[in-house]
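The values are calculated or read from the model by the stated rules, or taken from the named source; none is laboratory data. Keep in mind it's a predicted model, so treat the numbers as computed, not measured. Backbone-built Cβ (ideal geometry, glycine too); neighbour counts: all protein chains shown. The protein model used for the area step is the full one, side chains on, heavy atoms only, and it has no ligands, DNA or RNA in it. Shrake-Rupley method; radii C 1.70, N 1.55, O 1.52, S 1.80 Å.
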Amino acid sequence: MFTQAADVLKRDFTDSVEWQVEEARAQLGSLEQFIVESAVEGTPAHEVERCLFDGVLRLGLTLFGTFLKLIGPGDLGETATLDDGRTVGRLEKKHVRRLLTVFGPFEISRWVYAQRDGQRIELVPTDQRLQLPESELSYLLQEWDQMLGIEHAFGKVRETLEAILRLKQSVDTLERNNQQMSETVIEFHESQPPVKRSEEAELLVVTEDNKGVPMVRPPEEKPVGAHRKKGEKANKKQMACIGCVYSVDPHVRTAEELVAILFRDPDRPKSKPPEAKQKRYWAHLTQEFDGIVVRGQDLVFTHLADEIEQRRHTNQVLVNLSDGQRSLETDRQFYLPTDANTADVLDLMHAIPRLWEAAHAFHNEGSKEASAFVRERLLRVLNGEVASVVHGLRYLGTVRGLKGTKRERLLKACDFLKANEHRMRYDDYLKAGYPIATGVIEGACRHVIKDRMERSGMRWQVPGAQAMLSLRAVSTSGDWESFQQYRVNSENQRLYPNERALQDIEWPFPLAV
């Protein structure tokens, strides 16, 4: 008897599906007719492409609507039992929620359950079955919005998706969802498993840098306009700290080979350096948590320290690579290991400009003499003669009788080199194959911060800026797809805690048909 009833329900449901998809079949038939007519009439390919895409969107709208109808309004009966044993009742009227998908908008009418009318809704079977998001935007649309949003201004994102999907979204909606999406980033980082040891390279490298983000001026500050003082900027910047941990294999070079590469000699070595592996990035502004102001650098270095602790194996060399900013060196000494197997390296690209500044104190900019001056001293620096080079530059300045600005620039360059001499043992670094240039973090500063945060006219407040930095760091680390999956799962666990309430329910409901 039960089998016969099940067969009847199955047959009725199948008949209903046939009826529900009839409109979709009609649309598909129209598309087939359109391409035949287009072929006969010689319609330009771009017009066919555009019309087909619009037709596919309409077809998707119809099919997704059919899917929602087949799922049904989620009627569990007059009462339902929650996982904690409490009983909730079905409210008198269905509730309607909006869902904006990549195909278009839908109004979903469904039954909801609560202790009584006016109290918090405890269970929405249809929403739970479909794992609908808290936002009106579907998860796929949220992801597409922010894939574009982390690369382009939100106004451009709105225009782009309206042109492609024929959807209208406000800039406020895009900004709000950007911040909401970023709220899961910290949890995602904490949930990440350690990197695969089998895919690690020989050296572990940690690198960090700071880059300014233009901020909105606080309203209590005096507006800065046409009458600002000399040197006063129209906007303030707040420094964002970005850090990265990655592994790389040694790359042994000679000082002569490196100089030839830097000066682009015709006979320079053409081999590519080893590729950095398993890069993980973090980016933070200084923020306030429960009334306590926490520096962005402290947040980043905490991440770096945890990552190093997880990844570094016994006796592995840790290369600390960054520019000459004193606060970065201080924080490295406080947060990161300083054992015998660590090497603190000054980015060579921050030492070379000082040699050019010294050269221009004696020779004209762009001259062959200035180039030869730098080349000769760079070779000596790479061979471990930093102290001798600095002494020679100061002596030459005195002998030449430099005065005024030229002397100040020369001495400033010399002071920088002398202060970082302990981090410029390039002869040892080259022999060991250590990286000595911060291409990874310099590129990240440009990509993660500058390319999106410093566009013309952009001004940020801390919550929006931090949200953007967090999502761009996730994307740059190559974790975008896994992050999206994690945040969807995390939100669904929060929204739908009553798993057992639906575990014995067969979907779609017979009543839905």
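Laid out as a table, the results:
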item	result
Relative contact order (percent, whole number), the chain, Cα cutoff 8 Å, 6+ residue spacing	19 percent
Interchain or long-range residues, amide H under 5 Å from Ala240's placed H	Lys211, Gly212, Val213
Interchain or long-range residues, amide H under 5 Å from Ser322's placed H	Val345, Asp347
For the chain: accessible area per residue (Å², 1.4 Å)	55 Å²
Helical segments meeting 30 Å axial Cα length and Kyte-Doolittle -0.5 threshold in the chain (DSSP H)	45-71
Distance from the range 452-491 to the range 317-370 (C-alpha centre basis), Å	30 Å
Of (1) 31.2, 110; (2) 29.8, 101; (3) 29.4, 96, the label for Rg and Dmax of the Cα atoms in Å derived from the coordinates	(1)
The range 368-460 shape via C-alpha gyration tensor axes, a/c threshold 1.5	oblate
Out-of-range pairs (alpha-carbon distance over 19 Å; input Lys368/Lys418; Lys368/Lys431; Lys211/Lys406; Lys211/Lys236)	Lys368/Lys418; Lys368/Lys431; Lys211/Lys406
GluC sites (Glu not before Pro) restricted to the range 26-119 and DSSP loop, no more than 14 other C-beta within 10 Å	Glu78, Glu92
Value at 222 nm in deg cm²/dmol, rounded to 500, when DSSP H runs of n ≥ 4 in the chain each add -39,500 (n - 2.57)	-15500 deg cm²/dmol
Cβ-placed point charges (K, R +1; D, E -1), dipole of the range 469-510 about Cα centre in debye, nearest 20	240 debye
Extreme residue, positive dipole direction of the chain, given options Ala343, Val390, His422 (C-beta unit charges)	Val390
Cα shape, the range 275-422, gyration tensor, a/c 1.5 rule	prolate
Percent carbon-and-sulfur accessible area, the range 372-461, ignoring ligands, DNA and RNA, probe 1.4 Å	50 percent
Protection proxy ranking, peptides 300-307, 162-169, 95-102, 279-286, average beta carbon neighbours within 10 Å, highest first	279-286, 300-307, 95-102, 162-169
Dipole moment magnitude, nearest 20 debye, the range 243-294 about Cα centre, only Lys, Arg, Asp, Glu C-beta charged	260 debye
Apportionment of accessible area to carbon and sulfur, the range 28-146, percent (1.4 Å)	54 percent
Among 386-392, 430-436, 202-208, the order from most to least packed when residues are scored by Cβ within 10 Å on average	202-208, 430-436, 386-392
Over the range 236-327, relative contact order from alpha-carbon pairs under 8 Å, at least 6 apart, %	33 percent
Trypsin sites (Lys or Arg not before Pro) restricted to DSSP loop in the range 351-419 with at most 14 other C-beta within 10 Å	Arg400, Lys403
Proximal aspartates and glutamates to Lys196, defined as alpha-carbon separation beneath 17 angstrom and excluding residues fewer than eight positions away on the same chain	Asp249, Glu275, Asp306, Glu307, Glu309, Asp479
